């Protein structure tokens, strides 16, 4: 009886989605719909509501690590699937910005960079290598600590030569959410600029990103 009731409820959720899209759902129902596919034999409405109450928002649920989702009480399989889905969507965003000249201040580029780095718990440096037409030829990432992600300028230059780059964009996150550049950020930018300039490579920009904001150090 309970199984039939759950099946009927899930069928109604599917019909609502097919008719009106995701916007017809309340916040907890969006998570419930996803969990229905990940836990097909469970009543997942209470889990969806608890997730939303615990993490405060859907975006925070998707920003969580596998460990944090497991600590909440989800199984490893479900936690891994949620994290995988987030990374899959980020990969889709990358494909959209990589197929055309990369404009670091475009809405699509900023959304991708914030999705990629904005919620990282540690500072992470991402270096985008561009050809003369501003198409991405390579990407290099370096995970740092809670408050630093700087690397030796030599490493940035080596990858630039490897990818035959004409230009470079530096991007790193501030886990605090405050995108104000530190003195270390400014000095690091100068060092990279000078190192690349020796090889005729342009430092196009250095962006600091957080989940809901960003800042350029060169504009």
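The values are calculated or read from the model by the stated rules, or taken from the named source; none is laboratory data. Just so it is clear, the model here is predicted, and its values are computed rather than measured. Cβ: placed from backbone, ideal geometry, glycine included. Neighbour counts: every protein chain shown.
Starting from the range 67-94, keep only residues that are not assigned by TED's automatic domain parsing to the domain that holds residue 50, then list their pairs with residues that are assigned to a loop (DSSP other than H, G, I, E, B) and surrounded by fewer than 17 Cβ atoms within 10 Å (Cβ to Cβ) whose Cβ atoms are within a distance under 8 Å, requiring at least 6 positions of separation or different chains.
none
Tally the residues that are part of a helix (DSSP H, G or I) and within 16 Å of the chain's Cα centre (by Cα), restricting the search to the range 183-218. Step through it out loud before you land on a result.
Taking the range 183-218 and keeping what is part of a helix (DSSP H, G or I), we get 183-197.
From what's left, within 16 Å of the chain's Cα centre (by Cα): none.
So the count comes out to 0.
Within the group 151, 83, 139, which residue is at negative phi and in contact with a helix residue (DSSP H, G or I) (Cβ under 7 Å, 6 or more places away or on another chain)?
83
Residues to consider are 206, 142, 172; find the one that is in contact with a strand residue (DSSP E or B) (Cβ under 6 Å, 6 or more places away or on another chain), closer than 30 Å to residue 60 by Cβ, surrounded by 14 or more Cβ atoms within 10 Å (Cβ to Cβ) and free of Cβ contacts under 8 Å to residues at least 24 places away in the same chain. Walk me through it before giving the result.
Values: 206 fails: free of Cβ contacts under 8 Å to residues at least 24 places away in the same chain; 172 fails: free of Cβ contacts under 8 Å to residues at least 24 places away in the same chain.
Result of the check over 206, 142, 172: 142.
Answer yes if at least one residue in the range 93-109 is in contact with a helix residue (DSSP H, G or I) (Cβ under 9 Å, 6 or more places away or on another chain), crowded, with 18+ Cβ neighbours inside 10 Å and in a loop (DSSP other than H, G, I, E, B), and no otherwise.
yes
Hey, any hits in the range 131-146 for a residue that's farther than 28 Å from residue 200 by Cα and under 18 Å from the mean Cα position of the chain (by Cα)? Before you say what the answer is, go through the steps one by one.
First pass over the range 131-146, keeping only residues farther than 28 Å from residue 200 by Cα: 145-146.
Cutting the leftovers down to under 18 Å from the mean Cα position of the chain (by Cα) gives us 145-146.
Yes, the conditions are met somewhere in the range 131-146.
Just to be sure I understand, how many residues within the range 35-81 are part of a loop (DSSP other than H, G, I, E, B) and crowded, with 18+ Cβ neighbours inside 10 Å? Spell out how you get there, then give the answer.
If we filter the range 35-81 for residues that are part of a loop (DSSP other than H, G, I, E, B), which is where we start, we get 39-44, 56-57, 64-65, 73-75.
After this cut, where a residue has to be crowded, with 18+ Cβ neighbours inside 10 Å as well, the list is 44, 64, 74.
Qualifying residue count for the region: 3.
At pLDDT 90 or above, surrounded by 15 or more Cβ atoms within 10 Å (Cβ to Cβ) and part of a helix (DSSP H, G or I): is that true of residue 31 in this structure? Working first, answer last.
Details: at pLDDT 90 or above: yes; surrounded by 15 or more Cβ atoms within 10 Å (Cβ to Cβ): yes; part of a helix (DSSP H, G or I): yes.
Yes.
Pairs please, first residue from the range 113-131 and modelled with pLDDT of 90 or more, second anywhere and part of a helix (DSSP H, G or I) and crowded, with 21+ Cβ neighbours inside 10 Å, Cβ atoms under 6 Å, 6+ apart in sequence or on different chains.
Sorted first by the residue in the range 113-131, then by its partner, the pairs are 124/117; 127/156; 129/160.
From the list 134, 180, exactly one residue is surrounded by 15 or more Cβ atoms within 10 Å (Cβ to Cβ), out of contact with any strand residue (DSSP E or B) (no Cβ under 6 Å at 6 or more places or on another chain), in a loop (DSSP other than H, G, I, E, B) and at pLDDT 90 or above. Which is it?
Numbers: 180 fails: surrounded by 15 or more Cβ atoms within 10 Å (Cβ to Cβ).
Exactly one residue qualifies, and that residue is 134.
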